[in-house]
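Okay, so here's the structure we're looking at.
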Amino acid sequence: MKDFKKYFMIPVDPEQLYRTLTNPATVQLWAGADAVMSEEPDSEFSLWEESIVGKNLEFEPGKKIVQEWYFGDDAEAPSIVTIKLHEHKQGTSMEVRQTNIPDDVYEEITEGWEQVYIGSLLDFYSEG
């Protein structure tokens with residue numbers, strides 16, 4: 001099991017980015033695929049037509065999102081994703097931390113964060 005932590009610069013304020021990450025209609029727009037999302041703790045979510053599935057654990061509007069991502073029954077411990085939004089002069093410094101990523105999918109997950117998740121957000125905001 002491995003952990004991942006990285007900061008990404010997103011060119012909008014933290015409140016707008018938070019809404020983009022939690023509003024189901026907006027998630028579908030930037031992800032470009034069906035998504036299920038809610039700000040209710042203990043609600044299930046899915047992104048990219050169930051490529052990512054899990055449970056929402058905690059929300060702090062404009063500041064933080066905590067989720068558990070599922071990796072099937074083999075996972076030794078829950079994989080917890082914590083997204084913190086920090087105000088920055090260029091928009092938002094988005095801190096992504098994911099714990100307990102199974103070794104066999106670590107490279108796929110970290111590339112997914114950078115190319116798909118963050119890449120889709122940056123594309124969404126550059127088109128606006």
Quiz item: Considering the chain as a Gaussian network with a 10 Å cut-off on Cα pairs, which listed residue, Leu21, Leu85, Leu29, attains the greatest mean-square fluctuation?
Solution: Leu29
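With runs of 4+ DSSP H residues as the only contributors, calculate the mean residue ellipticity of the chain at 222 nm using -39,500 (n - 2.57) per run, divided by the residue total and rounded to the nearest 500.
Values: 4 runs with 32 residues, N = 128.
Rounded to the nearest 500, it is -6500 deg cm²/dmol.
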Exercise. For the pairs Lys5/Lys55; Lys6/Lys64; Lys2/Lys84; Lys5/Lys64, note any where the Cα-Cα span goes beyond 18 Å.
Key: Lys5/Lys55; Lys2/Lys84
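Only four residue types carry charge here, +1 at the Cβ of Lys and Arg and -1 at the Cβ of Asp and Glu. Report the dipole size of the stretch 2-91 about the Cα centre in Debye, rounded to the nearest 20.
Values: 9 positive and 17 negative charges, 128 e Å.
Result for the stretch 2-91 is approximately 620 debye, rounded to the nearest 20.
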Exercise. Would you please give the FRET efficiency between Lys64 and Tyr7, computed as 1/(1 + (r/R0)^6) with r the Cβ-Cβ distance and R0 = 22 Å, to the nearest 0.05?
Key: 0.95
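Just want to confirm a number: the relative contact order over the chain, from Cα pairs under 8 angstrom separated by 6+ residues, in percent. Provide the component values of the computation, followed by the final result.
On the way: 252 pairs, mean separation 38.1, N = 128.
Result for the chain is 30 percent.
Where a number appears in this text, it was derived from the coordinates with a stated rule and is not lab data. On a predicted model such as this, the values are computed, not experimentally measured, just so you know. Note: ideal-geometry Cβ built from the backbone for every residue, glycine included; neighbour counts use all protein chains shown.
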